[in-house]
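Below: the structure, in structure tokens.
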Amino acid sequence: MTHASDSVSTQPAFPASGQRHVAFDWGGVFTVGTFDGRSTQRLAERLGLNVEAVRASYFRHVRQLEVGAWTLPQFWDTLAAETGADPAFVYEHFQELYLGSILPNQPMFELLARLPQQVRVGLLSNNYPVVSDHLRQNAAFARLHQPVFSNEIGVKKPDPASFAALEAAMNLPASQVAFVDDVQENIEAAERAGFHGLLYDHTQHADFERRLAAWLVLPEDGE
């Protein structure tokens, strides 16, 4: 739902100096709420399982997906065995439910479309096999400059190596890039790596747009 405070009349104009840029997290930024929470809730409801039991198994092993150590079918086999899932619910069913658990944060996609072309836009996401491929097929994400996914580089936020990978992918000094995330720990790690951190809350989207617009204004020389 778009709140009145986020209406077109209150949207700031984004500067186009070409000197400052932005990179985003995915889950909790381009999605409403956490992908993990939504997918485990839907899986438990679909199979009539206890959601806490599903989440206990899911979060015990999800790091294996995030760093690319496991494939998604391998993850599902483990999750199904530990939760006692109905054998008739095969991997193909799980993949469909998993990808279907993405709930887009529409105001952020609208923002992405409005950013001037001079602003380079990156992505650094703790993500999963299959899901990362699915995101690359999203036409809106064609705007992104070499997105970085943890499952493809073998390391996840807040590890400093993940932010080094983002800086390399952006091909810009970290000091010229704002990093947007919904987790304070990741913002702090980004700032230690030299990025300008912007904490995001989808319920305060209009305020975020104003803060991003302010960041994109290039300071006068000497400031």
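The values are calculated or read from the model by the stated rules, or taken from the named source; none is laboratory data. All figures in this text were calculated on a predicted structure; none of them were measured in a lab. So basically every Cβ, Gly included, is an ideal-geometry build from the backbone, and we count neighbours across all protein chains shown. All accessible areas refer to the heavy atoms of the entire protein, side chains included, with ligands and DNA or RNA removed. Shrake-Rupley method; radii C 1.70, N 1.55, O 1.52, S 1.80 Å.
Descriptive notes on the structure:
- The listed residues are Ser39, Ser17, and the only one of them that is among the hydroxyl-bearing types (Ser, Thr, Tyr) and modelled with pLDDT under 95 turns out to be Ser17.
- Exactly one residue out of Asp86, Asp36 is among the acidic types (Asp, Glu) and outside any loop (DSSP other than H, G, I, E, B), and it is Asp36.
- If only residues of region 172-186 that are touching a residue at least 40 places away in the same chain (Cβ under 8 Å), open to solvent by 40 Å² or more (accessible area, probe 1.4 Å) and not β-branched (Val, Ile, Thr) are counted, the one that is farthest from Leu199 (Cα to Cα) is Gln176.
- Residue in region 147-163 that is basic (Lys, Arg), at pLDDT 95 or above, in contact with a helix residue (DSSP H, G or I) (Cβ under 9 Å, 6 or more places away or on another chain) and assigned to a helix (DSSP H, G or I) present: no
- Of the residues making up region 48-104, those that are more than 21 Å from Thr31 (Cβ to Cβ), surrounded by fewer than 16 Cβ atoms within 10 Å (Cβ to Cβ) and aliphatic (A, V, I, L, M) are Ala53, Ala56, Ala69, Ala81, Ala88, Val90.
- The set of residues in region 138-158 being within 22 Å of Thr71 (Cβ to Cβ) and open to solvent by less than 60 Å² (accessible area, probe 1.4 Å) consists of Asn138, Pro147, Val148, Phe149, Ser150, Asn151, Gly154, Val155, Lys156, Lys157.
- For Gln117, the criteria (1) under 24 Å from Pro173 (Cα atoms); (2) buried (at least 16 other Cβ atoms within 10 Å of the Cβ) hold in every case but one, which is (2).
- Entry remark, region 164-188: residues being β-branched (Val, Ile, Thr) and part of a loop (DSSP other than H, G, I, E, B) number 1 in total.
- Some residue of region 189-210 being hydroxyl-bearing (Ser, Thr, Tyr), assigned to a helix (DSSP H, G or I) and open to solvent by 30 Å² or more (accessible area, probe 1.4 Å): yes
- Close Cβ contacts (under 9 Å, 6 or more residues apart or on different chains) running from residues in region 187-202 that are closer than 13 Å to Val22 by Cβ and of a type in the set (A, V, I, L, M, F, W, C) to residues that are open to solvent by 70 Å² or more (accessible area, probe 1.4 Å) and part of a helix (DSSP H, G or I) comprise Phe195/Ser175; Leu198/Arg211.
- For Leu135: the one exception among (1) buried (at least 17 other Cβ atoms within 10 Å of the Cβ); (2) of a type outside the set (Gly, Ala, Ser); (3) farther than 18 Å from Phe195 by Cβ; (4) more than 13 Å from the chain's Cα centre (by Cα): (4)
- Selection status of Pro107, open to solvent by less than 60 Å² (accessible area, probe 1.4 Å) and touching a residue at least 24 places away in the same chain (Cβ under 8 Å): yes
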